[in-house]
């Protein structure tokens, strides 16, 4: 079981308030991703749940029991760190067995559990190596192995993929998702990469300056962002935000149109192509439209436009409307 | 950096210092070896000549020699145990975030800057002195007889003084080693359910092995030659109770004015140092790489 409930959780380091007060419910078996720009308090929030930081005020409940003042080991959570935090002087086997050894489990059962975890993570042939002799992806798997042997109530991941190269990151992302499918254990995952958030999460928590901006399923955030921050943060390339007379036409202070919701060819807006990136499957272009500013456009396939071309654009899809406080209308 | 010409240039430039170092080491060693086989007494300069291993035989037959050997090893071993154990404990304390950390560290390191004879005098006269010493005052405060440290326990007293001098060095090395331990490793161990003692036993101590090796190796080099502290306090006494090998050599050279025997003692000391170095490197050397 791994139901985690945060009530008015507040964290301040001396005078600086990092998290002014958060209420959040995480259901059993959910894959929850905390996402936000750096310094938004997402890692601090994870460390509060882990018990590595003391909460200034508020209550953290795990499976209905108050865990606010429990030491990390007593919370039944396992954590995978950004640096993996493997023990360099121990073999992979000993690394994975460490939490079991600390729990005083009999040797035979320790060995059996380590074997099982190693099999799941494809680490069987590396068990007698040391972390220094492993590649980044293998170290990552050892760190995950050390977390799963304990059969915790929930897994906490602190930007686990940020030290891997792009190809490995996609692979590990899938492995972690598959792990979640097979274990069905609650996972809380911190990242600043919205692609990771969108692809892995059951539920995304968007954080900004220690505050929750919006909580919801990935596509809900994409389709119905609650405010300008979420609208700009979710989706790549970023949503175009247009103010002024064009927004007034739609009876809003600001309107937002996603780059993929703009068609090229005919339309009311005319501009000059600045940067154009052709990926084959997609084309990203930046168009300088007088009166509107730089508009990001994402078109399918090859658009056949280049730097300096004069083209016409039209909104073709949902237009998000925001009031002067940045809230969705 | 490995073309033929750069290698040649490198050798050429290193050559002078290698040469100087070699001469610097070989000449005194060769002269000591030469004198150790000669009859060479400053009080009777007319009697000279080769005496074979007589100087060495005298050493091995002297009861003082075996005592001095034991004392030397006790001094090295005792100081190493005290400085490593206390050094780690103090380093753990110093690593905690406290106010005035900088000042505290300077205070802890201060004894290392006190010259050995001065340190020994301070201990002899201000702490261990049976009339004026702090310990005597404490003992009297409890109504006990002051302990005659240098007379009743000469070797432990010397070991205490030397350990006091070398503790800051060990502490300093351990503090820097502790600072290089990633906090995420400790946090991971905490999440894994390791108690404070187990975190020390399984994470901190293994992390410190290389620092401990360095401390042991460097201190052994210096401790084998400890002389000033003994000279200022016990003068090797009472009797020969606190005579170490360097002090015995000193007595032969300066008090007995027998250069031949002193040289033989010197060669024995070199051999002893090499034996110790061999066992240290065999036991600890593997901790230095990787």
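Details
- Residues satisfying the stated conditions in the range B:76-85, i.e. surrounded by 15 or more Cβ atoms within 10 Å (Cβ to Cβ) and under 17 Å from residue B:206 (Cα atoms): B:84
- Residue check for residue B:189: within 30 Å of residue A:153 (Cβ to Cβ) and in a helix (DSSP H, G or I): yes
- Residue check, residue A:137 more than 14 Å from chain B (Cβ to nearest Cβ), within 23 Å of residue B:187 (Cβ to Cβ), crowded, with 16+ Cβ neighbours inside 10 Å and in contact with a helix residue (DSSP H, G or I) (Cβ under 6 Å, 6 or more places away or on another chain): yes
Let's see how each residue does on (1) in a loop (DSSP other than H, G, I, E, B); (2) modelled with pLDDT of 90 or more:
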| residue | (1), (2) |
| --- | --- |
| B:6 | no, no |
| B:19 | no, yes |
| B:29 | no, yes |
| B:47 | yes, no |
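- Exactly one residue out of A:202, A:193 is within 22 Å of residue A:44 (Cα to Cα) and at pLDDT 90 or above: that is A:202.
- When A:225, A:160 are checked against the criterion of being crowded, with 20+ Cβ neighbours inside 10 Å, touching a strand residue (DSSP E or B) at 6+ places or on another chain (Cβ under 8 Å), in contact (Cβ under 8 Å) with a residue 60 or more places away in the chain and within 29 Å of residue A:260 (Cα to Cα), A:225 stands alone in meeting it.
- The helices (runs of 4 or more DSSP H) found wholly in the range B:212-290 and carrying at least 3 residues that are closer than 21 Å to residue B:82 by Cα occupy B:228-232, B:259-284.
- Check on residue A:256, surrounded by 21 or more Cβ atoms within 10 Å (Cβ to Cβ) and not assigned by TED's automatic domain parsing to the domain that holds residue A:49: yes
- Counted residues, the range B:186-201 - those being facing chain A (nearest Cβ under 7 Å) and either over 10 Å from residue A:98 (Cβ atoms) or modelled with pLDDT of 90 or more (or both): 5
- Residue B:24 closer than 21 Å to residue B:223 by Cβ and exposed (fewer than 15 other Cβ atoms within 10 Å of the Cβ): no
- Among the residues of the range B:276-290, those identified as within 14 Å of another protein chain (Cβ to nearest Cβ) and at pLDDT 75 or above are B:286, B:287.
- Among residues of the range A:92-109, those that are farther than 17 Å from residue B:199 by Cα and within 13 Å of chain B (Cβ to nearest Cβ), counted: 1
- There is at least one residue in the range B:100-114 that is touching a residue at least 12 places away in the same chain (Cβ under 8 Å) and assigned to a loop (DSSP other than H, G, I, E, B).
- Residue ranges of helices (runs of 4 or more DSSP H) in the range A:128-239 with at least 3 members assigned by TED's automatic domain parsing to the domain that holds residue A:89 and closer than 29 Å to residue A:111 by Cβ: A:136-148, A:166-183
- Counted residues, the range B:42-61 - those being crowded, with 16+ Cβ neighbours inside 10 Å and closer than 13 Å to residue B:262 by Cβ: 4
- Filter result for residue A:213 (modelled with pLDDT of 90 or more, surrounded by fewer than 16 Cβ atoms within 10 Å (Cβ to Cβ), within 18 Å of the chain's Cα centre (by Cα) and under 27 Å from residue A:30 (Cβ atoms)): no
- Top-ranked residue in the range A:63-79 [being part of a strand (DSSP E or B) and facing chain B (nearest Cβ under 9 Å); ranked as surrounded by the most Cβ atoms within 10 Å (Cβ to Cβ)]: A:79
- Once the range A:242-253 is narrowed to residues that are within 22 Å of residue A:214 (Cα to Cα) and in contact (Cβ under 8 Å) with a residue 60 or more places away in the chain, the residue that is surrounded by the fewest Cβ atoms within 10 Å (Cβ to Cβ) is A:253.
- Residue within the range B:160-173 that is in contact with a helix residue (DSSP H, G or I) (Cβ under 8 Å, 6 or more places away or on another chain) and either surrounded by fewer than 17 Cβ atoms within 10 Å (Cβ to Cβ) or within 14 Å of another protein chain (Cβ to nearest Cβ) (or both) present: no
- For the range A:49-62, filtered to residues that are within 13 Å of chain B (Cβ to nearest Cβ) and surrounded by 24 or more Cβ atoms within 10 Å (Cβ to Cβ), the residue that is farthest from residue A:160 (Cα to Cα) is A:51.
- Condition check for residue A:114: out of contact with any strand residue (DSSP E or B) (no Cβ under 7 Å at 6 or more places or on another chain) and farther than 20 Å from residue B:189 by Cβ: no
- Only one of A:86, A:45 that is more than 12 Å from chain B (Cβ to nearest Cβ), crowded, with 23+ Cβ neighbours inside 10 Å and either under 26 Å from the mean Cα position of the chain (by Cα) or part of a helix (DSSP H, G or I) (or both): A:45
The values are calculated or read from the model by the stated rules, or taken from the named source; none is laboratory data. What you are looking at is a predicted structure, and each value in this text was computed from that prediction instead of being measured. Positions of Cβ are backbone-derived with ideal geometry, glycine not excepted, and every protein chain shown enters the neighbour counts.
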